[in-house]
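Structure first, commentary second.
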Amino acid sequence: MQALLVSLTEAERALVRQTERDQMAGLDEDELMALLVRVRRARDKYTTLYRRQSASRVTRSGGRGKAFAKGTMDRGKAEVFEDALARVSRRLAAAARATAQELKAERIAETRAARDTATPATKRAKAPLPTAQRATRRPQSPNRVKRHATTRAAGARRQSRKDSRVS
């Protein structure tokens, strides 16, 4: 890996250095995205270069196995940029998760603030009703009423069968 880094141009080495952890620490999501695009472009350049040259060497050398050994420099550079791309991608994903969590917390806080309907000081708080007097919170749709009646009737039939058995 170190030999491959030496073979890179100064601009390419600077790009790889920018993908190190301490260099990416101060970058925000947009800057990380721009870095990702630059690294991806460099990786694609060397991958495409390697593939094109290897394809042309196959016909000259007589097979893919013989042509494989010739393109080590471009293949190695593509691998260096692939590793750099993975580092940037992981950092970008972490930054995106953090941003999403911040936005979610902000939206929840805004919703709670909008929903905050504290009782005015002039009104007195009423004591909660006893359980027997509380209205049910379940919606009373015709379907629910029918299902409830069906369940009760089935229970009654089951009980009457048990009661009619002779012990």
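Looking only at residues in region 73-92 that are closer than 14 Å to Leu5 by Cβ and of a type in the set (A, V, I, L, M), the one that is surrounded by the fewest Cβ atoms within 10 Å (Cβ to Cβ) is Met73.
Each residue in region 8-30 was checked for being over 27 Å from the mean Cα position of the chain (by Cα), surrounded by 13 or more Cβ atoms within 10 Å (Cβ to Cβ) and assigned to a helix (DSSP H, G or I), and 2 of them qualify. Give the residue, chosen from Thr72, Thr99, that is modelled with pLDDT under 90 and in a helix (DSSP H, G or I). One residue alone meets the criteria, Thr72. Put simply, of Asp116, Asp44, Asp83 the only residue that is modelled with pLDDT under 90, among the acidic types (Asp, Glu) and over 18 Å from the mean Cα position of the chain (by Cα) is Asp116.
Per-residue answers, yes or no, for (1) free of Cβ contacts under 8 Å to residues at least 24 places away in the same chain; (2) aromatic (Phe, Trp, Tyr):
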site: Met24; (1), (2): no, no
site: Val37; (1), (2): yes, no
site: Thr47; (1), (2): no, no
site: Gly62; (1), (2): yes, no
site: Asp74; (1), (2): no, no
site: Ala78; (1), (2): no, no
site: Phe81; (1), (2): no, yes
site: Arg91; (1), (2): no, no
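Tallying residues that are β-branched (Val, Ile, Thr), at pLDDT 85 or above and in contact with a Lys or Arg (Cβ under 9 Å, 6 or more places away or on another chain) within region 47-69 yields 1.
The values are calculated or read from the model by the stated rules, or taken from the named source; none is laboratory data. All values reported here derive from a predicted model rather than from experimental measurement. FYI the Cβ positions are ideal-geometry reconstructions off the backbone, even for glycines, and counts take in every protein chain you see.
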